[in-house]
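Trainee: This is the structure I have questions about; it appears just below.
The values are calculated or read from the model by the stated rules, or taken from the named source; none is laboratory data. Because the structure is predicted, anything quoted here is derived from the model rather than measured. Here the Cβ positions follow ideal geometry from the backbone for every residue, glycine too, while neighbour counts run over all protein chains shown. Side chains included, ligands, DNA and RNA excluded: accessible areas come from the protein's heavy atoms. Shrake-Rupley method; radii C 1.70, N 1.55, O 1.52, S 1.80 Å.
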Amino acid sequence: MCGIAGIFSNDRPGQGDIQRMTESLAHRGPDAFGYFHHEYVALGHRRLSILDLDARSNQPFHSRDKRYVLIFNGEIYNFRQLADALLQRGIKLNTTSDTEVLIEAFALWGVDVVHKLNGMFAFAIYDTQQNTLFLCRDRLGKKPLFYYHDSNWFIFGSEIKSLLKHPVVSANVKINKSSLYTFLHLGYIPHPATVYQGIHKFPAGCSGVVQEDLKLKITPYWNVKDYIRPADDVTVTVENAKHELKNLLTEAVASRLISDVPLGTFLSGGTDSSIITALASKQVSGKLKTFSIGFQESKFNETEYARSVAKVLGTEHHEYILSEREAVNILETYLSHFDEPFADTSAIPTMLVSRLARKEVTVALTGDGGDELFLGYGSYDWAERMNSGLVKSIGPLIASGLNLVGSNRLRRAAHLFERVEPARLRSHIFSQEQYFFSDQDIRELITDPHGYTPFEYDDLPVKGLKAAEQQALFDLQYYLTDDLLVKVDRASMFHALECRCPLLDRQVVEYTLQLPFAFKQKGDIKKWILKELLSEYLPSSLVHRPKWGFSIPLGQWLKNELRFMIDQYLSRESVQKLGLFNYDRVNSLVKSFLHGRDYLYNRVWVLIVIHKWVSENG
């Protein structure tokens, strides 16, 4: 895990610019740094040493023939297999790092190397002979990559803050209002957009080439939809599926336990982190180190379950119980570190558990991806309900009725039944299940409704998928990539901790997508097949328990410790100064929240985040 930055231009990039860009990523790689400067290109790297700690593996890294120069963030988990393939071709490596394997594999196979890689990565390779730049990002977007591109410059880096250190970028970008409107709807900004016009997220599962004339061509090399089972495929049996899935997960965990530094796992006590911890604990020598965090307020504290799982599995467990005040104190850090508006406050406990883990280890395995792959979210139940012909025909009537009842729970549900275009249904279900603004709400809230374009995405029905699976596919392509993985990457790298996600292993994902719906949800049991595997390691009381999640009591905070943020950022002066939203609408929302409609807390929060972010960055 590292930080990368680069400049490609016919205007001869300055060495000072690449140094400033790279230095802004020091938190991602505190162990070493390096630069490569050529007539038309400048590359920078910050290293977090995980494999082959020797300085010979520092970057930028040159190929044996000196033609190619690599900067690389991430891990190639099948690097040993690739190294063996290189050796069979007569290519002897000088290090034990995946960095050298990657660049020599590229030198041998060229752009087709992307199909051979299993890992999490964002990398750039400069061809000194052809004066071209090759870029690539992993299949699900675990590692970040941003870029700015005009007729004279191609500038890229691991985080937006790095790009803004370049004078060309800082002078030419401006806030993207459309992204702010989408943020109201989702709580994050989906790819390829960012909060800035001119800065883009390089798409996951894609590679790209910047030619000598600075033209950029991006090519997809992997698409999640290519691995969805055929509608008539009913040949797989439960026993075969359990056996194959266990083998794939065991291999995925094993490949992520390869490290030259100490490692452990995040353990919340939930299904996903528990199965990863169970598999890892059987493969390490000695006791596996596990880490969990909880709040003193028992409603938001899952550490009891994590402690119980750790005891059964025999891990060396570390936990930290914090007060609300401690969590609130790092709120400013979380809001500023993510570079663009980001509403997911579970970043706070993720930052704290990363800080706890970093005291003992440099690598942590996580359970990310389990909900999207095995249908763990409640929104998938809503997708099935909303797919009913009756609901489609009388949804608005249901919404009106629920709003009249007076219960907060029913009023919250009423928003899901609002009329929405079929092509917007996936984002609508996600948005309203998370309590954010619907498309209609946004049109009524903003001062320029004619300037609003709803978030557009590919929602063409996939043959053979149930509505719940279609919803999960949306989450896999957007929520996971642009929210959850962003949260884990920025929160962990803030403390120079590398997080690895075995459930998002390429082969695990491709196999799981082909499993029948009935294997993932059986009756009311979500993640059924995953829980069947977990039952081999834990008692039923720890396997079958209510899902809670890694959250903070944000609604409660906004009425107490964080009330000052409402007063400061949603005042008449602040709202009218920003000029994006109708103050009367904002004020009405705040009053409704403060006077009992607690479920509106996320709507209040995203408005606070926007006003705070623009006031500090606009």
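Trainee: Filter segment 157-171 down to the residues that are in contact with a strand residue (DSSP E or B) (Cβ under 7 Å, 6 or more places away or on another chain) and among the hydroxyl-bearing types (Ser, Thr, Tyr), then identify the one that is farthest from residue 192 (Cα to Cα).
Mentor: The residue in question is 162.
Trainee: Right, another one. Would you confirm, using the coordinates I've provided, whether residue 64 is within 16 Å of residue 121 (Cα to Cα) and touching a residue at least 40 places away in the same chain (Cβ under 8 Å)?
Mentor: No, not satisfied.
Trainee: Hey, any hits in segment 289-306 for a residue that's open to solvent by 30 Å² or more (accessible area, probe 1.4 Å) and in contact with an Asp or Glu (Cβ under 6 Å, 6 or more places away or on another chain)?
Mentor: yes
Trainee: Can I ask one more? Within segment 1-56, work out how many residues are open to solvent by less than 70 Å² (accessible area, probe 1.4 Å), closer than 15 Å to residue 153 by Cβ and either part of a strand (DSSP E or B) or among the polar types (S, T, N, Q) (or both).
Mentor: Residues flagged as open to solvent by less than 70 Å² (accessible area, probe 1.4 Å), closer than 15 Å to residue 153 by Cβ and either part of a strand (DSSP E or B) or among the polar types (S, T, N, Q) (or both) within segment 1-56 amount to 8.
Trainee: If you don't mind, another one. Working carefully through the options 184, 248, find the one that is in a helix (DSSP H, G or I), out of contact with any Leu (no Cβ under 9 Å at 6 or more places or on another chain), of a type outside the set (Ser, Thr, Tyr) and surrounded by 15 or more Cβ atoms within 10 Å (Cβ to Cβ).
Mentor: Exactly one of 184, 248 is in a helix (DSSP H, G or I), out of contact with any Leu (no Cβ under 9 Å at 6 or more places or on another chain), of a type outside the set (Ser, Thr, Tyr) and surrounded by 15 or more Cβ atoms within 10 Å (Cβ to Cβ), namely 248.
Trainee: Quickly run through segment 187-223 and pick out the residues that are open to solvent by 60 Å² or more (accessible area, probe 1.4 Å), in contact (Cβ under 8 Å) with a residue 24 or more places away in the chain, part of a loop (DSSP other than H, G, I, E, B) and not charged (D, E, K, R).
Mentor: 211
Trainee: Of the residues 356, 365, 352, 375, which is on the phi > 0 side of the Ramachandran plot, buried (at least 18 other Cβ atoms within 10 Å of the Cβ) and touching a residue at least 40 places away in the same chain (Cβ under 8 Å)?
Mentor: When all the criteria are applied, what remains is 375.
Trainee: Anything in segment 309-340 that is touching a His at 6+ places or on another chain (Cβ under 9 Å) and open to solvent by less than 50 Å² (accessible area, probe 1.4 Å)? List them, or say none.
Mentor: Listed by number, the residues that qualify are 309, 310, 337.
Trainee: The conditions are (1) free of Cβ contacts under 8 Å to residues at least 60 places away in the same chain; (2) in contact with a strand residue (DSSP E or B) (Cβ under 9 Å, 6 or more places away or on another chain); (3) more than 25 Å from residue 132 (Cβ to Cβ), and residue 178 fails exactly one of them. Which is it?
Mentor: Of (1) free of Cβ contacts under 8 Å to residues at least 60 places away in the same chain; (2) in contact with a strand residue (DSSP E or B) (Cβ under 9 Å, 6 or more places away or on another chain); (3) more than 25 Å from residue 132 (Cβ to Cβ), only one is false for residue 178: (1).
Trainee: Determine whether segment 602-611 contains at least one residue that is more than 28 Å from the chain's Cα centre (by Cα) and either surrounded by fewer than 19 Cβ atoms within 10 Å (Cβ to Cβ) or over 30 Å from residue 171 (Cα atoms) (or both).
Mentor: no
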